[in-house]
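Here is the structure we will look at.
The values are calculated or read from the model by the stated rules, or taken from the named source; none is laboratory data. All figures in this text were calculated on a predicted structure; none of them were measured in a lab. Cβ: placed from backbone, ideal geometry, glycine included. Neighbour counts: every protein chain shown. Calculation scope for accessible area: heavy atoms of the full protein, side chains included, ligands and nucleic acids excluded. Shrake-Rupley method; radii C 1.70, N 1.55, O 1.52, S 1.80 Å.
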Amino acid sequence: MPGQFEPLPGGGAAVALDEVEISILRSLSVQLLELIGPGPGGEDQDDPLAELFAEGPSEPPSDPVLQRLFPDAYGDPEAVPDDQLKEYSAEFRRFTENDLRAGKRDKALTVVRTLDALTIEGEGGAVLKLSADESREWLSALNDLRLAIAARLDVIDDEDTELLYQLPDSDERKPMVMAYLWLGGLQETLVETLLP
């Protein structure tokens, strides 16, 4: 079970994690939460109804990670000179981005909370056991983490990923590459546990 998810009887999944792996997953999730930011009303929202009807931004985010996590619905408006498509993308973003951010925030919080609930045992590790619902939330969060790292590494397609394997150990991107590949392995084995 080390390093890969295995199915649990009755649904869900389990994986053995050591303290370093727990720390890395938690740190990456917290960084993602910080990047996504709080809801439209900030931390202290007195009126939850106001947040429900709050409009989101109409401009794409400037950060490449957020651009990857919240892409334009109608392609890249900068690459497509069609003003009508730009208008459609802006309108779609205005009414959907807050909900998309909230969903990604909730899933990253699930990762943090389930990791915080672990009890470290014996050799400095723990077995993380997820329900079927938590497994789906984790799968989405792992995908978001990989997309975020891919944006920082300028990974666009499979060819870019293949180049990552060829980086020398002295390359400053190597730790990020190792995290990207490791998260991919976790994601793949978690998908397998969810298949019928």
**Prompt:** Within region 135-161, which residues are part of a helix (DSSP H, G or I) and open to solvent by 80 Å² or more (accessible area, probe 1.4 Å)?
**Reply:** Arg136, Arg152, Asp158, Glu159
**Prompt:** Can you pull out the residues in region 162-191 that are outside any loop (DSSP other than H, G, I, E, B) and open to solvent by less than 40 Å² (accessible area, probe 1.4 Å)?
**Reply:** Leu164, Lys174, Val177, Ala179, Tyr180, Leu183, Gly184, Gly185, Leu186, Gln187, Thr189, Leu190
**Asked** From the list Arg113, Arg105, which one is part of a helix (DSSP H, G or I), open to solvent by 20 Å² or more (accessible area, probe 1.4 Å) and in contact (Cβ under 8 Å) with a residue 40 or more places away in the chain?
**Response** Arg105
**Complete:** Those residues of region 116-134 that are farther than 18 Å from Thr189 by Cβ, among the hydrophobic types (A, V, I, L, M, F, W, C) and assigned to a helix (DSSP H, G or I) come to a total of 0
**Message:** If I filter region 1-13 down to residues being surrounded by fewer than 17 Cβ atoms within 10 Å (Cβ to Cβ) and not in a loop (DSSP other than H, G, I, E, B), which single residue comes out as modelled with the highest pLDDT?
**Reply:** Glu6
**Prompt:** How many residues does region 16-33 hold that are surrounded by 14 or more Cβ atoms within 10 Å (Cβ to Cβ) and either in contact with a helix residue (DSSP H, G or I) (Cβ under 7 Å, 6 or more places away or on another chain) or not in a strand (DSSP E or B) (or both)?
**Reply:** 11
**Asked** Of (1) outside any helix (DSSP H, G or I); (2) of a type in the set (A, V, I, L, M); (3) in contact (Cβ under 8 Å) with a residue 24 or more places away in the chain, Ala73 satisfies all except one. Which?
**Response** (3)
**Prompt:** Name the residues in region 77-112 that are within 16 Å of Ala148 (Cβ to Cβ) and modelled with pLDDT under 90, would you?
**Reply:** none
**Message:** Looking for something surrounded by 14 or more Cβ atoms within 10 Å (Cβ to Cβ), closer than 23 Å to Ala148 by Cα and modelled with pLDDT under 95 - is there at least one such residue anywhere in region 41-55?
**Reply:** no
